[in-house]
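**Q** One structure is given below, represented as structure tokens, and several questions about it will come after.
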Amino acid sequence: MPTKSKKTKSAGRFGARYGKKVRSKLVGVETKQRVKQKCPYCKKMGVKRLSKGIWYCAKCDKKFASDTYYLE
Ligand SMILES: [Zn+2]
């Protein structure tokens with residue numbers, strides 16, 4: 001089992017498969033979706049992605065459907 005390295009980040013789980021380019025593209029999307037996003041209601045950085053297109057804001061306690069991977 002390959003260990004996750006600094007260089008490959010979240011794409012480390014694929015090992016040497018699928019090619020460097022697609023893996024680095026995926027890292028870009030995945031790191032973006034995991035950071036806190038800006039809430040469209042209270043304009044604060046507190047929105048977390050629960051699932052595909054489902055978002056939750058911890059600041060104003062709203063759950064809503066929006067973009068799939070990251071907001072705006
Ligand atoms: Zn909010």
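**Q** For segment 36-62, how many residues meet the condition of being under 17 Å from the mean Cα position of the chain (by Cα) and open to solvent by 80 Å² or more (accessible area, probe 1.4 Å)?
**A** The total comes to 6.
**Q** Regarding Ser10, is this residue loosely packed, with under 12 Cβ neighbours inside 10 Å and polar (S, T, N, Q)?
**A** When the stated conditions are applied, Ser10 does not pass them.
**Q** Same structure, new question: In segment 47-70, what count of residues is obtained for those that are within 17 Å of Glu30 (Cβ to Cβ) and within 12 Å of the ligand (Cβ to nearest atom)?
**A** Residues in segment 47-70 being within 17 Å of Glu30 (Cβ to Cβ) and within 12 Å of the ligand (Cβ to nearest atom): 3 in total.
**Q** Now a separate question. Restricting attention to segment 20-35, and to residues there that are open to solvent by 70 Å² or more (accessible area, probe 1.4 Å) and among the hydrophobic types (A, V, I, L, M, F, W, C), which single residue is farthest from the ligand (Cβ to nearest atom)?
**A** Per the stated criteria, the residue is Val22.
The values are calculated or read from the model by the stated rules, or taken from the named source; none is laboratory data. Note that the structure is a prediction, hence the values are computed from the model and not measured. Neighbour counts run over all protein chains shown; Cβ positions are idealised from the backbone, glycine included. Calculation scope for accessible area: heavy atoms of the full protein, side chains included, ligands and nucleic acids excluded. Shrake-Rupley method; radii C 1.70, N 1.55, O 1.52, S 1.80 Å.
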